[in-house]
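What follows is a short report on a single structure.
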Amino acid sequence: MDLGLGVDTGGTYTDTIIMDISNGNVLDSNKSLTTYPELITGIKNAIDGLNSEYLKDVKFVSVSTTLATNSILENKGRPAGLILIGYSIPKKLSTDVVISLSGGHDANGDEIEPLDDFDTIKEFILKNKDRVSSFAISSYFGVRNPEHENQVKEMVQNLTDLPVVCGHELSQDLGAYERSVTALLNAQLIPETSQFIKSIHSVMNEKNINATLMMMKCDGSLIKIEEALKKPVETIFSGPAASLVGASHLTNLDTCATVDVGGTSTDVSFMSNGIPEISDTGAVVGGWKTMVKAISMDTSAMGGDSHVWIQKKSFIGPKRVVPLCQAASKYPQIIDKLETNKKISKRIMDDVIQPTAFFMVNGYDKTGFYDLGDYEKKVIDVIVESDVPLSILDVSEKLQDHPLMFSNTLRLLEQKKYINQIGFTPTDALHVLNDYNRWDTKAARIGAELLANQINMNPGSFSSYIKEEVVRTISLNLVDFFADDVDKSDINKLLNKSGYLKMKMNLPVVLIGASVKAYLNDLNTFLDAGFIAPEYSEVGNAVGALMGDVIYRTETSIKPYKTGSSKYVVFSETGRNIFETYEEAKDYAIDFTERLVFEYMRSYNLDKNSVQFNLDKNEIGKRMGTPIETKLVGIGVGKPINKVTGKNYDRECNLKTRTQVPGSS
């Protein structure tokens with residue numbers, strides 16, 4: 001057997017799975033809560049629940065993680081210095097350590113100004129090398145000629161031992177601001193990613209796992225851990241990408257839609273002919289628009305652990321909380337508190353002040369709290385000193401303050417991830433309905449009764465309503481993802497008199513997530529689609545992390561060199577090359593693209609016979625019988641080790657040529 005270990009750290013759960021990669025069979029799996037601030041604790045807990053006899057024979061480990069996404073969202077990336085060449089940025093950046101230098105190139109890759117102020121560059125590097133953890137470099141039209149970026153990178157490497165990344169190494173797309181943001185975020189993520197990788201290695205050593213370690217990118221492909229360390233920004237959204245790959249493997253479907261119902265959110269994505277569909281625009285995370293190629297997906301802030309709360313009527317989300325049923329399994333005292341708590345006035349109820357709200361510390365001791373005011377310290381001290389979660393009325397009693405006095409403080413402490421809020425969720429509703437029974441059903445039922453009473457409903461009908469809202473949200477998001485010609489605000493018009501969608505989807509839809517089987521029948525009733533909840537759907541992300549392909553994409557373009565010139569220039573990720581004729585440029589570009597793909601694949605010990613290669617040639621417009629611009633996209637797909645695929649990867653080179661009118665899409 002060729003055993004592999006897949007690990008996925010989601011916003012709520014960390015999933016692990018052991019598979020025989022040679023035949024694709026699952027041998028063991030486990031789920032554990034994701035832990036903050038150290039993700040590695042949750043990973044260790046999830047691995048501890050696996051059969052140790054299998055672990056010792058594991059030869060391949062792959063990880064998908066929320067680390068990069070969380071770091072950006074929470075603004076917890078390490079400080080980095082940004083060196084701009086040939087331009088400055090008046091917009092907001094995630095660092096104050098910035099310098100703008102003369103230099104840069106034009107759209108043809110010709111130098112606009114020389115890069116000659118080396119004394120200033122040296123002074124900036126030496127002044128800040130002890131203030132930052134890394135450097136990022138972005139030059140004007142650096143993708144057309146990376147010469148200046150490479151020169152400055154060499155200076156940083158000669159003067160410091162810090163990591164350094166250039167914009168052209170991460171993207172070939174035009175857009176100076178977006179490219180600088182991408183390079184800067186990448187630089188800020190390197191130190192934390194390095195620590196995470198060291199922690200993974202320490203767990204592997206502790207478990208005597210001597211195996212190759214890889215990581216999933218946000219385009220659904222796998223990369224060596226060394227490459228992930230150089231380009232950690234490419235691992236944002238790797239969790240949704242892993243769910244898409246896992247869904248395809250578990251169902252043996254090359255083309256399918258995937259709905260990943262996590263604890264925090266629900267993500268819709270699409271696999272076509274075995275390759276994840278990639279977004280036309282770069283990934284956006286934490287308000288930053290990047291040039292990172294990520295899977296195309298639609299996300300809604302509703303998941304299994306979305307907070308269900310009452311303020312004259314019921315609301316779901318957008319905040320995630322720990323489900324009552326889950327918390328009561330560890331802290332049974334919650335049940336007594338639910339039964340004996342005094343009634344809360346409807347007038348003061350909000351998303352924090354709820355009869356089902358409890359609070360507990362989130363894995364920190366007192367030394368882990370920073371930037372807190374005196375009252376914030378007082379509130380968190382009350383929570384830290386308790387051995388069990390405290391209700392909103394418990395906190396009020398210990399502080400001798402009205403809940404309205406400290407509810408905003410609790411909200412702030414939760415945003416900083418210092419504390420967790422416990423509350424009623426869709427997962428609790430499923431427990432009440434006896435559709436899903438992983439945790440403590442009694443706590444869920446009491447919670448449903450407390451909330452239902454506030455809006456004159458009974459616990460059963462209230463829980464059914466919550467389930468229906470989740471089904472409705474999943475279905476509408478799925479339709480919105482594919483119905484490009486339908487405005488999101490008009491989708492509700494597609495509902496028939498019974499409240500079901502009047503449309504049919506002609507492709508299978510795979511459900512991934514801990515409790516998705518509980519929604520299967522309702523989804524198939526609400527929307528005419530082939531919903532599938534395969535075996536091991538609850539750990540589908542971990543399956544995807546393990547069963548991903550090595551996918552390499554590279555783009556090359558051919559354009560006339562200059563107005564009035566008969567020459568042509570080829571732009572690629574390594575720079576530019578000038579040729580006398582279009583045919584010479586085209587022959588070089590095709591050969592170079594293929595060579596670049598197979599050189600990359602060889603670094604993964606994949607020869608030409610084990611790689612599927614496709615080359616897409618897009619010719620834009622014509623002038624005197626010659627394209628105004630030719631874009632080549634080469635894609636290579638291969639398996640990192642001997643994995644079952646059901647596909648023949650004997651080498652094939654497919655060349656597709658498309659002619660596009662200028663200005664068309």
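Answer yes or no as to whether GLU594 is at pLDDT below 90 and either assigned to a strand (DSSP E or B) or touching a Cys at 6+ places or on another chain (Cβ under 8 Å) (or both). Taking the combined requirement at face value, the residue does not satisfy it.
Residues in the range 1-28 that are open to solvent by less than 30 Å² (accessible area, probe 1.4 Å), farther than 9 Å from ALA542 by Cβ and small (Gly, Ala, Ser): 4 in all.
Of all the residues in the range 33-59, those that are open to solvent by less than 20 Å² (accessible area, probe 1.4 Å), under 26 Å from GLY77 (Cβ atoms) and either touching a helix residue (DSSP H, G or I) at 6+ places or on another chain (Cβ under 7 Å) or assigned to a strand (DSSP E or B) (or both) number 3.
Being not in a strand (DSSP E or B) and not small (Gly, Ala, Ser) is the filter; apply it to the range 18-32 and report the residue that is farthest from GLY49 (Cα to Cα).
Ranking the qualifying residues of the range 18-32, first place goes to ASN23.
Within the range 553-575, restricting attention to residues that are part of a strand (DSSP E or B) and open to solvent by 30 Å² or more (accessible area, probe 1.4 Å), the residue that is nearest to ALA294 (Cα to Cα) is ARG553. Summed over the range 212-234, residues that are touching a strand residue (DSSP E or B) at 6+ places or on another chain (Cβ under 6 Å), part of a helix (DSSP H, G or I) and open to solvent by less than 10 Å² (accessible area, probe 1.4 Å) total 1.
In the range 80-126, which residues are open to solvent by 10 Å² or more (accessible area, probe 1.4 Å), in a strand (DSSP E or B) and not β-branched (Val, Ile, Thr)? Lay out the reasoning, then the answer.
Going residue by residue through the range 80-126, those that are open to solvent by 10 Å² or more (accessible area, probe 1.4 Å) are 86-102, 106-108, 110-120, 122-124, 126.
Narrowing the set further to residues that are in a strand (DSSP E or B) leaves 98-101, 111.
The answer is SER100, LEU101, GLU111.
Filtering the range 601-634 to residues that are open to solvent by less than 40 Å² (accessible area, probe 1.4 Å), within 30 Å of GLU227 (Cα to Cα) and of a type in the set (Val, Ile, Thr) leaves VAL611, THR630. Taking the range 127-151 as the range and being assigned to a loop (DSSP other than H, G, I, E, B) and in contact (Cβ under 8 Å) with a residue 60 or more places away in the chain as the test, the residues that pass are VAL143, ARG144, ASN145, PRO146. Take the conditions (1) within 14 Å of the chain's Cα centre (by Cα); (2) modelled with pLDDT of 90 or more; ASN252 misses just one of them, which is (1). Would it be correct to say that SER269 is among the small types (Gly, Ala, Ser), in contact (Cβ under 8 Å) with a residue 12 or more places away in the chain, touching a Leu at 6+ places or on another chain (Cβ under 6 Å) and closer than 25 Å to ALA518 by Cα? Against the criterion (among the small types (Gly, Ala, Ser), in contact (Cβ under 8 Å) with a residue 12 or more places away in the chain, touching a Leu at 6+ places or on another chain (Cβ under 6 Å) and closer than 25 Å to ALA518 by Cα), SER269 qualifies.
Would you be able to say whether some residue in the range 361-369 is assigned to a strand (DSSP E or B), at pLDDT below 95 and surrounded by fewer than 21 Cβ atoms within 10 Å (Cβ to Cβ)? Don't jump to the end; show me each part of the working.
Of the residues in the range 361-369, the ones assigned to a strand (DSSP E or B) are 361.
Going one step further and asking which of them are at pLDDT below 95, we end up with 361.
Filter again for surrounded by fewer than 21 Cβ atoms within 10 Å (Cβ to Cβ), leaving 361.
Yes - at least one qualifying residue is present in the range 361-369.
Just one residue in the set PRO426, PRO403, PRO459 is in contact (Cβ under 8 Å) with a residue 60 or more places away in the chain and either in contact with a helix residue (DSSP H, G or I) (Cβ under 6 Å, 6 or more places away or on another chain) or open to solvent by 30 Å² or more (accessible area, probe 1.4 Å) (or both); that residue is PRO426.
When restricted to residues that are among the β-branched types (Val, Ile, Thr) and surrounded by fewer than 23 Cβ atoms within 10 Å (Cβ to Cβ), the range 319-344 contains 3.
Test of understanding: among LEU527, LEU511, which residue is at pLDDT 95 or above, in contact with a Leu (Cβ under 7 Å, 6 or more places away or on another chain) and under 21 Å from SER265 (Cβ atoms)? Explain how you work it out, then say what you get.
Working: LEU527 fails: at pLDDT 95 or above.
Within the list LEU527, LEU511, the selection yields LEU511.
Look at (1) without any contact (Cβ under 8 Å) to a residue 12 or more places away in the chain; (2) outside any helix (DSSP H, G or I) and you find that ILE209 fails only one, number (1).
In the range 141-163, the count of residues that are closer than 15 Å to VAL98 by Cα, open to solvent by 10 Å² or more (accessible area, probe 1.4 Å) and in contact with a helix residue (DSSP H, G or I) (Cβ under 6 Å, 6 or more places away or on another chain) is zero. The number of residues in the range 518-551 being in a helix (DSSP H, G or I), of a type outside the set (A, V, I, L, M) and surrounded by fewer than 19 Cβ atoms within 10 Å (Cβ to Cβ) comes to 3.
Once the range 238-270 is narrowed to residues that are open to solvent by 20 Å² or more (accessible area, probe 1.4 Å) and either in a loop (DSSP other than H, G, I, E, B) or of a type in the set (Lys, Arg) (or both), the residue that is farthest from VAL292 (Cα to Cα) is ASN252.
Among residues of the range 292-318 that are open to solvent by 60 Å² or more (accessible area, probe 1.4 Å), those with a beta-carbon under 7 Å from a residue that is hydrophobic (A, V, I, L, M, F, W, C) at least six positions away or on a different chain give the pairs LYS293/ILE278; GLN311/MET349; LYS313/ILE455; PHE315/TRP309; PRO318/ALA301.
Here the range 376-387 is the region considered, the condition is being open to solvent by 10 Å² or more (accessible area, probe 1.4 Å) and out of contact with any Asp or Glu (no Cβ under 9 Å at 6 or more places or on another chain), and the residue that is nearest to THR340 (Cα to Cα) is ASP387.
The values are calculated or read from the model by the stated rules, or taken from the named source; none is laboratory data. All values reported here derive from a predicted model rather than from experimental measurement. For neighbour counting, all protein chains shown are included, and Cβ atoms are generated from backbone atoms with ideal geometry for every residue, glycine included. Areas reflect the complete protein model, heavy atoms only, side chains present, ligands, DNA and RNA absent. Shrake-Rupley method; radii C 1.70, N 1.55, O 1.52, S 1.80 Å.
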